[in-house]
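Quick notes on the structure that follows.
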Number of protein chains: 2
Amino acid sequence: MNCMVAQSGGPTVAINASLAGLLRANQESKAYTKVYGAVNGILGVLNENFCDLTDQMKTIPDFIERLIHTPAMYLGSCRYKIPTDQSADTIYQKIFSILNQMKVESFFYIGGNDSMDTVDKLSAYAKKHEIPIRVVGIPKTIDNDLVKIDHTPGFGSAARYVAASVREVAMDAYIYAIKSVTIIEIMGRDAGWLTAASALARTEASPAPDYIYLPEVPFDLDKCIRDTRALLEKKDTVVLAISEGIRDKDGNYISTADQGSDIFGHNHLSGAGKALEHLMKEALKVKVRSIEINVLQRAAMHLASGRDLQEAEELGKKAFHYALDGQTGVMAILTRNADQPYEVSYSSCPVHEIANQVKPVPRSWINDEGNDVTDKMLSYLLPLIQGDPGVRYKDGLPDYLPVEHLLG
Amino acid sequence: MNCMVAQSGGPTVAINASLAGLLRANQESKAYTKVYGAVNGILGVLNENFCDLTDQMKTIPDFIERLIHTPAMYLGSCRYKIPTDQSADTIYQKIFSILNQMKVESFFYIGGNDSMDTVDKLSAYAKKHEIPIRVVGIPKTIDNDLVKIDHTPGFGSAARYVAASVREVAMDAYIYAIKSVTIIEIMGRDAGWLTAASALARTEASPAPDYIYLPEVPFDLDKCIRDTRALLEKKDTVVLAISEGIRDKDGNYISTADQGSDIFGHNHLSGAGKALEHLMKEALKVKVRSIEINVLQRAAMHLASGRDLQEAEELGKKAFHYALDGQTGVMAILTRNADQPYEVSYSSCPVHEIANQVKPVPRSWINDEGNDVTDKMLSYLLPLIQGDPGVRYKDGLPDYLPVEHLLG
């Protein structure tokens, strides 16, 4: 028999470590003849676009080690949501017919809450139709918004990148003896976990970011400007960290979206950082700049958290064994036993308790004023950004696996 | 006697290594009792805002080692240009009177071509008035646009960051099986050196960036769109690297500047990347995103080039000895003897040959079509991004020197 794995949703630097964990578990257990990878998520199954990972392990030198240290998604991704209406079940029939034909006993899907919806639907369909194929989920998302798991693979690395970058941007901001505001926009449309990680940038000597704004609390522009103005009376440089998803009390994004037009007559959608930059400039009459921490948040393997990669690999291994043990419709999870010394344990959880749910930052982990995080958040975050990722360098640059199969 | 040092212009990750080089040279030679730092460039002299670096070396543990690995500017910066009209020479008189009062025999200025203008003027004034104070320049700029030097400290590190980031952004871009264009905007208003470094991101399996556009060649929008469309017919993902300073044949920046207004009624100045994103979307009707590699280009110590730091330190040491030997009005430079094995030699050059000049990328290092660099550029760049920077980490994050003296 064989197994198959696919990846879905947005990239993280840890998702390939989970794939590596599966491959290692199969190498150790010799349970399956082949591990197939479906290229571009569940669409890869439907389009019968596969690669033979067991073969690649043999032909590409150091395949597993390099896979662990390759960012984004080795198998590519998709944003395809399989339909809910199971009566029109041709898609399900097609998927399971292909899996059956390829002698697949276990199918693994690595992704976020949308992907867990796919795991839920496929496993439910298989059970209902007594198809003996196990479907098991492996979590990942830089947003850290999955329920039932202490934190998601990919988040710790993104948090480390954000914290280090904010620290470096602050160093850059301190050099001029003039009044200035630096706004740093961080990913997270609905959950503020990653923006919260900017608090780790602080040192005894550097208070940046001075304020932190998460989407979980309505953004009060007047108060933000008032607080910033008050700080600028005491010192030159103010650094603000904001989530891309901050909204006012009526739920409107802080954005210059859908109004105004440029030289070419188009409407633009500017982000929260750019919008706040213009508002601050107007209100404070000082130098204001905004910086968008870009997709490197989810792609910067060069600053990944070693612990994150190790946990992602372990979740891949565990998921493999849950499937071997006959579990289906579950996701591999980890539970934190202690912050210090940091300790986690692994188990599985029914995926219907996880799919399509989101885990916001608890209100009690945000300060009363809504412009900072509490010590509880710091204790939670700190263990997640530890450990060197062990990236291999070649000619001065990170050496990543080639992904010709994605370049179609 | 004492010496004094100041830093000026924009930050780089290597500028503090040159400062460390000066300190080490003084430690070894015991030439001066004190090394003073003027805070915020030449303004620190005029405002008599000094710190005693010899004292900090004694009181802050591992001061020099940590200084080498601290990004941005330990002594802060300024953008102040001292006046040319030497007949109204109160500023010059004040500067030299303060230096004299502090028993400063040698004054060092670490910066780019504007800063070398200051070195030029101060040294000329001292000579003219027979003031026995030596003024020596130490180069730095991520733009790599100083003449008479093979490359500038700070450039190699920025180049390494750009190349690694472009490689990682490309990995992120490859994951979806849809037609898309990713535009990466890189710093360099007038010189394309740093944008050229994006070419180092390429591997045998990954051609990104597919095209590279430097400010040295007029940007032909129609051709760029035509070439991109042709590529999209052959493959899904196109990655373009552009300099922030690209201009059309009439010298106009590719920007949405000065026209259109947003929800708040303001005019924005959008960068080349954003402008090209909108133009490409309109023309190609595919997914287009633009990414601005932000100030981390000049602040990301975590991905600095070890060789760059080492050369920056060496230039600081050499400058110190040139001053000790009585030289003034010079800048420490390095000349490349060979690419492979890489070898440089150090010397000094009259600063009036350097100040206010710029060194563009030679046309022959850009391909005929004006959308890529040649192998000559690659041979030039590759040695500059080598070597681990040796950053110290504490609690998972880079450990930088505190800069309380800048937080005024």
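The values are calculated or read from the model by the stated rules, or taken from the named source; none is laboratory data. These numbers come from a predicted model, not from an experiment. Please note: Cβ atoms are built from the backbone with ideal geometry, for glycine as well, and neighbour counts cover all protein chains shown. Accessible surface is based on the protein model in full, side chains and every heavy atom, while ligands, DNA and RNA are left aside. Shrake-Rupley method; radii C 1.70, N 1.55, O 1.52, S 1.80 Å.
Cut-off 10 angstrom, C-alpha nodes, Gaussian network model of chain A. Which of A:366, A:212, A:225 fluctuates the most?
Of A:366, A:212, A:225, the most mobile in the Gaussian network model is A:225.
Can you list, bin by bin at 5 Å, the percent of alpha carbon pairs in the stretch A:72-202, starting at 0?
Bin by bin from 0 Å, the calculated values are 2, 9, 15, 16, 14, 10, 9, 7, 6, 5, 3, 2, 2, 1, 0.
Let's see if you can work this out: charge +1 on each Lys and Arg Cβ, -1 on each Asp and Glu Cβ, no other charges. What is the dipole magnitude of the stretch A:45-203 about its Cα centre, in debye to the nearest 20?
Values: 17 positive and 19 negative charges, 40 e Å.
Approximately 200 debye in magnitude.
Sorting B:233, A:314 by accessible area (1.4 Å probe), largest first, what list results? Could you put the intermediate results ahead of the total?
Details: B:233 145, A:314 45 Å².
Sorted by accessible area, descending: B:233, A:314.
Please give the solvent-accessible surface of residue A:51 in Å², to the nearest 10, using a probe radius of 1.4 Å with every protein chain present.
Around 10 Å² of this residue is reachable by solvent.
If I take every Cα pair under 8 Å that is 6 or more residues apart in the stretch B:337-408, average their sequence separation and divide by the length, what percent do I get for the relative contact order?
19 percent
Kirkwood hydrodynamic radius for the stretch A:128-245: how many Å is it when counted over pairs of different Cα atoms?
Evaluated over the stretch A:128-245, this radius sits at 16.0 Å.
Computed over the Cα atoms of the stretch B:1-76, what is the ratio Rg over Rh, Rh following Kirkwood?
Numbers: Rg = 11.7 Å, Rh = 12.4 Å.
Rg divided by Rh gives 0.94.
Would you mind getting the Kirkwood hydrodynamic radius of the stretch B:157-218 from its Cα pairs, rounded to one decimal in Å?
It works out to 12.2 Å.
Ignoring ligands, DNA and RNA, what percent of the accessible area of chain A is carbon or sulfur (1.4 Å)?
Answer for chain A is 47 percent, counting heavy atoms of protein chains only.
Between A and B, buried accessible area summed over both sides at probe 1.4 Å, in Å² to the nearest 100?
Values: alone 17790 and 17800 Å², together 29540 Å².
Buried: approximately 6100 Å² between B and A.
What are the residues whose amide H is under 5 Å from the amide H of residue B:176, where those residues sit 5 or more places off or on another chain and H is modelled from the backbone?
For residue B:176, whose amide H was placed from the backbone, the distant partners under 5 Å are A:77.
Starting from one equal scatterer on each C-alpha and no solvent at all, send me the Debye-based log10 I(q)/I(0) for the stretch B:293-333 at q = 0.28 Å⁻¹, two decimals.
Log10 of I(q)/I(0), two decimals: -0.89.
Quick one: what Rg and Dmax do you get for the stretch A:299-371 from the alpha carbons, in Å?
Reported Rg and Dmax, both Å: 15.8, 50.
What average number of partner chain Cβ atoms lie no more than 10 Å from the Cβ of the residues making up A:273-281?
2
Over all alpha-carbon pairs of the stretch A:330-396, lay out the pair-distance distribution in 5 Å bins, whole %, shortest bin first.
Calculated over all Cα pairs of the stretch A:330-396, the distribution is 3, 12, 14, 15, 18, 17, 10, 6, 3, 1 percent.
Could you work out the equivalent-ellipsoid semi-axes for the stretch B:280-408, taking the square root of 5 times each eigenvalue of the Cα gyration tensor, largest first, in whole Å? Working shown, then result.
Details: eigenvalues 210, 135, 59 Å².
Ellipsoid semi-axes (Å, largest first): 32, 26, 17.
So how strong a dipole does the protein assembly as shown carry about its Cα centre when Lys and Arg Cβ are +1 and Asp and Glu Cβ are -1, to the nearest 20 debye? Mind showing how you got there, number by number?
Numbers: 84 positive and 104 negative charges, 70 e Å.
Using only the charged Cβ atoms, the result is roughly 340 debye.
Mind counting lysine pairs for me in the stretch B:1-118? Cα separation below 26 Å, and the two need to be 8 or more apart along the chain or on different chains.
So the count of such lysine pairs works out to 9.
Which value, to two decimals, describes the C-alpha radius of gyration of the stretch B:188-339 once divided by 2.2 N^0.38 Å?
So the Cα radius of gyration is 1.38 times the expected 2.2 N^0.38 Å.
Let me know the Kirkwood hydrodynamic radius for the stretch B:81-142, please, with Cα pairs as the basis and the value in Å to one decimal.
It is 12.0 Å.
For the stretch B:15-158, what is the accessible area per residue in Å², given a 1.4 Å probe and the full set of protein chains?
Numbers: 5050 Å² over 144 residues.
On a per-residue basis, 35 Å².
What are the ³J(HN,Hα) couplings of the stretch A:378-389, residue after residue, when phi is run through the Karplus curve with 6.51, -1.76, 1.60 and θ = phi - 60°? Round to Hz, x for glycine and proline.
3J(HN,Hα) across the stretch A:378-389, in whole Hz: 4, 5, 5, 6, 3, x, 7, 9, 8, x, 5, x.
At 15 Å minimum axial length over the Cα atoms and a Kyte-Doolittle cut of -0.5, report the qualifying DSSP H helices in chain B, or say none.
Working: long enough: B:15-29 (22 Å, 0.05); B:90-101 (16 Å, 0.24); B:113-128 (22 Å, -0.99); B:155-173 (26 Å, 0.46); B:221-234 (20 Å, -0.56); B:272-284 (17 Å, 0.02); B:306-324 (28 Å, -0.82).
Both cut-offs are met by B:15-29, B:90-101, B:155-173, B:272-284.
With point charges of +1 on the Cβ of Lys and Arg and -1 on the Cβ of Asp and Glu, referenced to the Cα centre of chain A, which listed residue (A:49, A:335, A:113) lies farthest in the positive direction of the dipole?
A:49
Which value in nm describes the separation of the simple spin-label points at residue A:130 and residue A:93, placed 7 Å from the Cα toward the beta carbon?
The modelled label-to-label distance comes out at 1.9 nm.
If you place +1 on the Cβ of every Lys and Arg and -1 on the Cβ of every Asp and Glu, how big does the dipole about the Cα centre of the stretch B:26-106 come out, in debye to the nearest 20?
60 debye
Roughly how crowded by other chains is peptide B:68-74, in terms of the mean Cβ count from those chains within 10 Å of each of its Cβ atoms? Mind showing how you got there, number by number?
Working: counts 0, 0, 1, 5, 8, 5, 3.
Taking all residues of B:68-74 together, the mean is 3.
In chain B, what is the volume of the convex hull around the alpha carbon atoms, normalised per residue and reported in Å³?
Convex hull of Cα atoms, per residue: 172 Å³.
Specify which residue in the list B:212, B:280, B:193 is farthest towards the positive end of the charge dipole of chain B, using unit charges on the beta carbon of Lys, Arg (+1) and Asp, Glu (-1), about the Cα centre.
B:193
Collect residues whose amide H, placed 1.01 Å from N in the peptide plane, falls under 5 Å from the amide H of residue B:104; neighbours closer than 5 in sequence don't count.
So residue B:104 has HN proximity to B:2.
State the answer as a single residue: which of A:93, B:97, A:70 lies farthest towards the positive end of the charge dipole of the protein assembly as shown, with beta carbon charges of +1 for Lys and Arg and -1 for Asp and Glu, about the Cα centre.
Checked the options; the winner is A:70.
Expressed in nm², what is the orientationally averaged projection area of the convex hull enclosing the Cα positions of the protein assembly as shown?
Across all orientations, the protein assembly as shown yields a mean hull projection of 34.9 nm².
Under the rule of at least 5 residues apart or a separate chain, name every residue whose amide H is placed under 5 Å from the amide H of residue A:361.
A:192, A:193
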